[in-house]
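The values are calculated or read from the model by the stated rules, or taken from the named source; none is laboratory data. Note that the structure is predicted; figures quoted are calculated from it, not measured. Every residue, glycine as well, gets a Cβ built from its backbone with ideal geometry; the counts of neighbours run over all protein chains shown.
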Amino acid sequence: MSQPDPAAPHSAPPCAGLRIGDLAPDFEARSTVGPVRLSAFRGRWLVLFSHPADFTPVCTTEFVALAREAAAFEKRDCALMALSVDSLFSHFAWLRMIRDRFDVEVRFPIVEDPTLVIGRAFGMVSAQDSNSATVRTTFFIDPKGVIRAMTCYPANLGRSIPEMLRILDGLQAIDAQGGLAPANWQTGETLLTPPTHDLDEVFGAEEATGWFLRATGDAS
């Protein structure tokens with residue numbers, strides 16, 4: 001496993017928390033589908049997420065749900081990649097149990113990170129942590145390798161797969177249409193227009209909120 005390059009443009013040094021807009025640190029590691037390199041996913045979206053441990057109740061429900069919705073991510077040209085401190089063979093045994101118990105195969109890669117090198121580079125764990133028991137972090141990475149959104153949940157609360165898809169849909173719609181996604185936005189709904197920076201347009205708007213709060217396509 002190679003460490004992320006701290007000298008790469010816009011990358012953060014190990015143990016530094018990443019921010020939206022940062023270039024995701026590159027890494028190469030073993031996974032359940034063979035060696036993987038983060039930069040090999042450039043050109044498409046990637047959801048990289050960590051889970052506290054294999055053979056745990058909440059993580060098992062997450063992986064069953066994600067495996068069942070894998071086609072929905074693929075439809076959006078988005079790959080999935082999971083990560084934990086467990087060994088590759090622990091991952092294999094867990095995935096076999098999931099298949100036999102829930103009749104679903106997890107085919108997206110699960111990366112092993114026993115030394116926490118990747119987790120620390122992404123800010124998933126602190127420099128003082130010896131395990132990732134409190135980590136349930138998700139990074140939404142665009143085709144250029146830029147982190148566009150992040151979520152972080154405690155170990156005792158599972159992620160919402162519909163919300164993960166909603167975030168992905170929102171980011172892709174924003175890129176395609178150049179608008180803003182309002183609260184509770186859902187796929188197919190109208191986006192908002194970015195507010196004007198022109199004072200004449202502010203004073204000339206027919207309504208008090210017309211210069212900053214309007215749907216795309218609406219006249220000011």
For this session: Read through the list (1) at pLDDT 90 or above; (2) among the small types (Gly, Ala, Ser); (3) in a loop (DSSP other than H, G, I, E, B); (4) farther than 30 Å from THR32 by Cβ, then give the number of the only condition that GLY217 fails.
Result: (1)
Exercise. Quick check: is even one residue across region 121-132 closer than 17 Å to SER31 by Cβ, in contact with a Leu (Cβ under 9 Å, 6 or more places away or on another chain) and either among the small types (Gly, Ala, Ser) or part of a strand (DSSP E or B) (or both)?
Worked result: yes
Exercise. Only one of ALA149, ALA121 is in contact with a Phe, Trp or Tyr (Cβ under 6 Å, 6 or more places away or on another chain) and touching a residue at least 60 places away in the same chain (Cβ under 8 Å); which?
Worked result: ALA149
For this session: Please find, among THR60, THR137, THR115, the residue that is over 19 Å from the mean Cα position of the chain (by Cα) and among the polar types (S, T, N, Q).
Result: THR115
Exercise. Quick check, is LEU23 at pLDDT 95 or above, crowded, with 19+ Cβ neighbours inside 10 Å and either of a type in the set (Asp, Glu) or under 15 Å from the mean Cα position of the chain (by Cα) (or both)?
Worked result: no
Problem set entry | Residues of region 92-120 that turn out to be under 18 Å from ARG37 (Cα atoms) and outside any loop (DSSP other than H, G, I, E, B), as a count | 7
